[in-house]
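Q: Take this structure, written in C-alpha cells, and hold onto it; I'll ask about it next.
The values are calculated or read from the model by the stated rules, or taken from the named source; none is laboratory data. From a predicted model like this one, the values you see are computed outputs, not experimental measurements. When we count neighbours, we look across all protein chains shown, and the Cβ atoms used for this are built from the backbone with ideal geometry, even at glycine.
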Amino acid sequence: MYIADLHIHSHYSRATSKDCTPEYLDFWARRKGIQLLGTGDFTHPVWREELRQKLTPAEEGFYVLKKEYCMKQGILSGAESPRFVVSGEISTIYKKNGRVRKIHSVILLPGIEEAQLVSEKLEAIGNLHSDGRPILGLDCRNLLEIVLETCPRAIFIPAHIWTPHFSLFGVFSGFDSIEECFEDLTPHIHALETGLSSDPPMIRRLSALDRFQLLSNSDAHSPSKLGREANLFNTDFSYQGLSDAIRTGEGLKGTIEFFPEEGKYHYDGHRKCNLCLSPSQALQYKGKCPVCGGKLTTGVSHRIEQLADRKEGYRQLKEEFFESMVPLLEVIAASMGYTTASKKVQTQYETMVQTLGTEFDILRNLPIEDIRKVSGEWIAEGITRLRSKKVTCSPGYDGEYGVIQLFEPGEIKR
C-alpha cells in the first residue's frame with residue numbers, strides 16, 4: 001500500500017511558496033509519509049528543466065530526487081525517498097453552448113519527454129511561460145483530444161469538480177453533465193477529483209458518476225500542505241500500475257479526505273458580510289445576501305443538491321473507503337490551545353515526527369499509548385477524537401476555510 005498526492009504546484013505557479021522546489025517537496029513528502037508525488041506544472045519550460053536537472057529515473061514512469069539535492073537537516077531517520085510522477089494542471093476558459101466555461105484539469109504523463117511533446121503542442125495555443133498553471137482559450141474536450149493524440153498513455157482527470165468558479169460542475173462556469181463537456185471523448189475520462197469541499201458520499205448522490213473512480217489530492221501551493229488530501233493505492237509501483245488503478249479501480253483502495261466542511265466552498269455565503277448559509281437558508285434569500293444585497297457564492301453542498309438524484313445519506317452496496325483527516329500541526333495546535341504559528345506548537349511537531357515517524361503514521365496507525373508517551377494526554381486525546389470523527393465542524397464558505405474543532409471552547413483550560 002502506498003500514499004500518492006498527484007495534484008500539486010511548483011514555485012512557477014502564481015500564489016505559491018518559493019519553497020515549492022524538488023528539494024523541499026521531497027523533504028515534506030518524507031515527513032508526511034507520501035510515497036508518490038506529482039511534479040505539478042509540467043507545461044512550464046523552466047520547471048521542466050529543473051526537473052531534468054534534479055530528478056533521475058526510478059521505477060517505470062517514476063523519478064526520484066538525486067542524492068546531491070536531498071536536504072540533510074530535519075529528514076526523518078529511515079524515511080524512504082518519495083517518487084515523482086509527471087503531472088500538471090491546466091485552466092481552460094472558453095465559450096460553449098452560450099456560456100463562458102472555466103475548467104481546470106489535471107494531467108498525468110509517463111515521463112518528462114512526453115511532457116515536452118504535449119507542451120510543444122499547447123505552446124501554439126497559449127502562453128506557457130507566465131504561470132505554472134497556464135490559462136488556455138481552448139475547449140476542454142479539445143484539450144483532451146490533443147493530450148491523447150500526443151500521448152495515448154496520458155491520464156486526464158477533471159480537477160476539484162465542484163469548485164464554484166473553475167471546475168467541471170462549477171455553478172458559475174461549469175456543466176451539468178460530463179457528456180456536455182467532453183462529448184464523444186467522455187469514455188476517456190475514468191476518474192474525478194473530489195476537491196477539498198466534498199467527499200465520496202456526497203459525490204455518489206449523482207448516479208451518473210457511479211462509473212468514475214474518485215481521487216483526492218492536496219492541490220498544495222506550499223510544501224507543508226502536501227497530503228492534506230491523498231490517495232491509497234495497492235498496485236504495482238509504476239506508472240502503468242498507477243494508470244491501471246485509476247482506469248479500472250483495481251488497486252485504488254481509497255482516499256484521505258479533508259472534512260468537507262473545512263473546504264473553502266462547502267456552504268453558500270458572502271465573505272464580505274461574514275455570512276455563511278446552508279443550501280436551504282440560501283434558497284430563502286434567492287441567492288442574494290440579506291445584509292448587502294450582493295450575490296451569494298453558491299457552495300458545493302448546494303450545487304450537489306441541484307444535480308443529485310439520490311437523497312442525502314445514500315450509501316452504495318459496496319462503500320468506498322475513505323478517511324477524514326486534519327493535518328498534524330492543526331491537531332497539535334487545537335490540543336494545546338495555541339495557533340499553528342506558535343513556537344510551542346512547532347516544537348512539539350518537530351519532537352513528534354522525529355520521535356514517532358511520519359505524519360500519516362501518527363494520525364492513522366500508531367497506538368495512542370505510544371503517542372501519549374511522547375506528546376502528553378491532550379494531543380493523544382485529540383488524535384483519538386480525530387480517528388473516531390468526534391469533531392465539531394463550522395463550514396467554510398465563499399473562499400473562507402471552515403473550522404474543525406476537536407475540543408469545546410474552554411475544555412482544555414478547565
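Q: Could you check the range 30-44 and list, in sequence order, the residues that are over 17 Å from residue 13 (Cα atoms) and either among the small types (Gly, Ala, Ser) or out of contact with any strand residue (DSSP E or B) (no Cβ under 9 Å at 6 or more places or on another chain) (or both)?
A: Passing the criteria: 30, 31, 33.
Q: With respect to the numbered conditions (1) in the same structural domain as residue 11 (by TED's automatic domain parsing); (2) touching a strand residue (DSSP E or B) at 6+ places or on another chain (Cβ under 9 Å); (3) more than 22 Å from residue 358 (Cβ to Cβ), which one is the sole condition not fulfilled by residue 269?
A: Failed condition: (1).
Q: On to the next question. Of the conditions (1) closer than 24 Å to residue 126 by Cα; (2) in contact with a helix residue (DSSP H, G or I) (Cβ under 9 Å, 6 or more places away or on another chain); (3) not aliphatic (A, V, I, L, M), residue 84 satisfies every one except a single condition; which number is it?
A: Residue 84 satisfies every listed condition except (1).
Q: Under 9 Å between Cβ atoms, at least 6 apart or on separate chains: pull out the pairs that start in the range 304-319 with a residue that is at positive phi and end on any residue that is modelled with pLDDT of 80 or more and in a helix (DSSP H, G or I).
A: Sorted first by the residue in the range 304-319, then by its partner, the pairs are 313/201.
Q: Step by step: first the residues of the range 357-414, then only those that are among the hydroxyl-bearing types (Ser, Thr, Tyr) and in a loop (DSSP other than H, G, I, E, B), then the one that is surrounded by the fewest Cβ atoms within 10 Å (Cβ to Cβ). Which residue is that?
A: Looking at the filtered set, the residue picked out is 388.
Q: Just checking, does the range 210-219 include any residue being surrounded by fewer than 22 Cβ atoms within 10 Å (Cβ to Cβ) and within 20 Å of residue 95 (Cα to Cα)?
A: No, there is no match, as no residue in the range 210-219 is surrounded by fewer than 22 Cβ atoms within 10 Å (Cβ to Cβ) and within 20 Å of residue 95 (Cα to Cα).
Q: Identify, from the list 50, 23, 60, the residue that is in a loop (DSSP other than H, G, I, E, B), surrounded by fewer than 24 Cβ atoms within 10 Å (Cβ to Cβ) and assigned by TED's automatic domain parsing to the domain that holds residue 214.
A: Just one listed residue meets the conditions, 60.
Q: Any idea which residue in the range 341-365 is farthest from residue 383 (Cα to Cα), counting only those that are without any contact (Cβ under 8 Å) to a residue 40 or more places away in the chain and of a type in the set (Lys, Arg)?
A: Only one residue fits best here, namely 343.
Q: Just to verify a result, which residue in the range 26-85, among those that are among the acidic types (Asp, Glu) and over 25 Å from residue 228 (Cβ atoms), is modelled with the lowest pLDDT?
A: 68
Q: Enumerate the pairs (first residue in the range 254-266 and buried (at least 22 other Cβ atoms within 10 Å of the Cβ); second residue anywhere and in a helix (DSSP H, G or I) and of a type in the set (Val, Ile, Thr)) with beta-carbon separation below 8 Å, excluding pairs fewer than 6 apart on the same chain, so at least 6 apart or on different chains.
A: 260/300; 263/300; 265/300; 266/300
Q: Within the bounds of the range 339-350, is there any residue that is under 13 Å from residue 32 (Cα atoms) and part of a helix (DSSP H, G or I)?
A: Yes, because at least one residue in the range 339-350 is under 13 Å from residue 32 (Cα atoms) and part of a helix (DSSP H, G or I).
Q: Tally up the residues in the range 267-286 that are surrounded by fewer than 13 Cβ atoms within 10 Å (Cβ to Cβ) and either over 29 Å from the mean Cα position of the chain (by Cα) or under 26 Å from residue 201 (Cβ atoms) (or both), please.
A: 3
Q: What are the residue pairs meeting all of these: first residue in the range 221-238, first residue in the same structural domain as residue 20 (by TED's automatic domain parsing), second residue of a type in the set (Lys, Arg), Cβ atoms under 7 Å, and 6 or more apart or on different chains?
A: Going by the 7 Å Cβ cut-off, the qualifying pairs are 226/32; 227/32; 232/253; 233/253; 234/253.
Q: Is it true that residue 391 is touching a strand residue (DSSP E or B) at 6+ places or on another chain (Cβ under 8 Å), among the β-branched types (Val, Ile, Thr), within 30 Å of residue 191 (Cβ to Cβ) and touching a residue at least 40 places away in the same chain (Cβ under 8 Å)?
A: Yes: the conditions hold for residue 391.
Q: Given the conditions (1) within 23 Å of the chain's Cα centre (by Cα); (2) part of a loop (DSSP other than H, G, I, E, B); (3) acidic (Asp, Glu), which single one is not true for residue 312?
A: For residue 312, the failing item is (1).
Q: Here is a further query. Which pairs do you get when a residue that is under 13 Å from residue 142 (Cα atoms), found in the range 175-186, comes within reach of a residue that is β-branched (Val, Ile, Thr), reach meaning Cβ atoms under 8 angstrom, with the pair 6+ apart or on two chains?
A: So the pair list comes out as 181/103; 182/189; 186/178.
Q: From 183, 179, 123, 114, which residue is of a type outside the set (Phe, Trp, Tyr), out of contact with any Cys (no Cβ under 7 Å at 6 or more places or on another chain) and farther than 26 Å from residue 303 by Cβ?
A: So the residue among 183, 179, 123, 114 that is of a type outside the set (Phe, Trp, Tyr), out of contact with any Cys (no Cβ under 7 Å at 6 or more places or on another chain) and farther than 26 Å from residue 303 by Cβ is 123.
Q: I would also like to ask the following. Being closer than 19 Å to residue 220 by Cα and either surrounded by 16 or more Cβ atoms within 10 Å (Cβ to Cβ) or not assigned by TED's automatic domain parsing to the domain that holds residue 29 (or both) narrows it down to one residue among 106, 118; which is it?
A: Just one listed residue meets the conditions, 106.
Q: How many residues are at pLDDT 95 or above and either touching a Gly at 6+ places or on another chain (Cβ under 6 Å) or at positive phi (or both) when one looks only at the range 8-25?
A: 5
Q: Another question, if that's okay. So which residues in the range 323-368 are of a type in the set (D, E, K, R), more than 30 Å from residue 201 (Cβ to Cβ) and under 26 Å from the mean Cα position of the chain (by Cα), if there are any at all?
A: 350
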